[in-house]
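Working notes for the structure below.
The values are calculated or read from the model by the stated rules, or taken from the named source; none is laboratory data. Because the structure is predicted, anything quoted here is derived from the model rather than measured. Virtual Cβ from ideal backbone geometry, glycine too; neighbours counted across all protein chains shown. Ligands, DNA and RNA are stripped out before the accessible areas are found, and what is left, the full protein with its side chains, is counted by its heavy atoms. Shrake-Rupley method; radii C 1.70, N 1.55, O 1.52, S 1.80 Å.
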Amino acid sequence: KKIYKFLFILLSILAIAILVCILKKYMDSKRAENENKETLEVFSRIDDRQIDENTKIKLNGYDVIGKIEIPKINIEYPIIAIENPSPDETKIPLKFSIVRYWGGEVNEYGNLSIAGHNKYDGTMFGKINRLEIYDEVKLTDLAKKTISYKVCSKFVTDPNDISVLESTSEAQREVTLITCTKGNKKRLILKAKEKI
């Protein structure tokens, strides 16, 4: 009888701990979504002529360099930049927004690689697996210029495959969307090129 009582108490504590963890993840995700929405509102209100070194748009201390919209899956997020990140530094902001992983500024020629978490609740890049060839990705830079890109390839690769960061042409605008898949053992890659 004592063993059953002990097991019951132990399982109850474990269940409560799991519920607390789930609730914390949910609350963190909600807070991140609200911060992203507030940042997008600031982004939309600021005139591009007002942005200089003193009036940069920030999200949790990181510079906002533009925004990404994917109409098919109804997502819109600011894109944040980390200067010369180490792999560990990139992981921190991925918890709350979409991050420039590699490349220049938004809508420059060459390949801009953008990383986002594959969240189970469908936020961040949690739904990019639904995208197909020819679907649209829109990027808006700080000058408020929006360029449409169309998905031209979709594949899964190894996390150490850096070939996805290379430009196919320095004379063309490209964007590479990166997220984790298969329990973080692989990377889902979507490559898109400017619609012409």
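The table for this structure:
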{"quantity": "P(r) weight above 27 Å for the chain, C-alpha pairs, percent", "calculated": "34"}
{"quantity": "Residue order for 180, 152, 21 - accessible surface, 1.4 angstrom probe, largest first", "calculated": "21, 152, 180"}
{"quantity": "Area accessible to solvent at residue 40, 1.4 Å probe radius, in Å²", "calculated": "20"}
{"quantity": "Gaussian network model of the chain, springs between alpha carbon atoms under 10 Å - residue of 177, 59, 14 with greatest fluctuation", "calculated": "14"}
{"quantity": "Heavy atoms of residue 58: accessible area, 1.4 Å probe, square angstrom to 10", "calculated": "110"}
{"quantity": "Rel. contact order, % - alpha carbon contacts under 8 angstrom, at least six apart, the chain", "calculated": "17"}
{"quantity": "Fraction of accessible area attributable to carbon and sulfur, the chain (%, probe 1.4 Å)", "calculated": "56"}
{"quantity": "Segment 86-196 - charge dipole about Cα centre, Lys and Arg +1 at Cβ, Asp and Glu -1, debye rounded to 20", "calculated": "440"}
{"quantity": "Inter-part distance where segment 12-40 and segment 160-196 are each reduced to a Cα centre, Å", "calculated": "29"}
{"quantity": "Residue order for 132, 105, 35 - accessible surface, 1.4 angstrom probe, largest first", "calculated": "132, 105, 35"}
{"quantity": "Exposure ranking of 16, 57 by accessible area [1.4 Å probe, largest first]", "calculated": "16, 57"}
{"quantity": "For residue 6, solvent-accessible area (1.4 Å; no DNA, RNA or ligand), Å²", "calculated": "130"}
{"quantity": "Residue of 170, 136, 33 that the Gaussian network model of the chain assigns the largest fluctuation, springs spanning Cα pairs under 10 Å", "calculated": "170"}
{"quantity": "Net charge over other residues, Cβ less than 14 angstrom from the Cβ of residue 185 (K, R count +1; D, E count -1)", "calculated": "+1"}
{"quantity": "Per-q log10 I(q)/I(0), segment 136-195, q = 0.13, 0.15, 0.25 Å⁻¹ (Debye; single scatterer per alpha-carbon; no solvent)", "calculated": "-0.38, -0.50, -1.03"}
{"quantity": "Calculated [θ] (222 nm, deg cm²/dmol) that DSSP helices of n ≥ 4 give over the chain, each run adding -39,500 (n - 2.57)", "calculated": "-9500 deg cm²/dmol"}
